[in-house]
Amino acid sequence: LLTPAAPCSAPPVRETHGPLALLTIMAASRRVAFANPWNLHGWPGITIPAGLDADGRPVAVLLTGRPGSEDLLLRVDAQLEEARPWELGKVPA
């Protein structure tokens, strides 16, 4: 199953939500909401770079598979990277 990796773009570096670290952690947890159901059920997933948003921040897709399909997900990810390489710090447009 292919879904967006996150419901919103990445936050600016060092973004905080007040003086309490807990508030920032709670805000950050909303950004990974799409992965949580798969994690809770033990279904494997892999996040794949998918370009940049309008502000130039990276976005990604989440590819999930059936339980025990980690090897398949890694092979698909390797094929995608071979077909369209991404470098550390650079996301394909």
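What to note about this one:
- When residue 15 is tested against (1) modelled with pLDDT of 85 or more; (2) assigned to a loop (DSSP other than H, G, I, E, B), just one condition goes unmet, and that condition is (1).
- Residue list for segment 38-53, filter: within 14 Å of the chain's Cα centre (by Cα) and at positive phi: 51
- No other residue among 78, 60, 54 is of a type in the set (A, V, I, L, M, F, W, C) and touching a residue at least 12 places away in the same chain (Cβ under 8 Å) apart from 60.
- Residues (at pLDDT 85 or above, within 20 Å of residue 82 (Cα to Cα) and either in a loop (DSSP other than H, G, I, E, B) or open to solvent by 60 Å² or more (accessible area, probe 1.4 Å) (or both)) located in segment 34-67: 47
The values are calculated or read from the model by the stated rules, or taken from the named source; none is laboratory data. Owing to the predicted nature of the structure, the values given are computational and were not obtained by experimental measurement. Here the Cβ is made from the backbone with ideal geometry for all residues, glycine too, and neighbour counts use every protein chain on show. Accessible surface areas use protein heavy atoms only, side chains included; no ligands, DNA or RNA. Shrake-Rupley method; radii C 1.70, N 1.55, O 1.52, S 1.80 Å.
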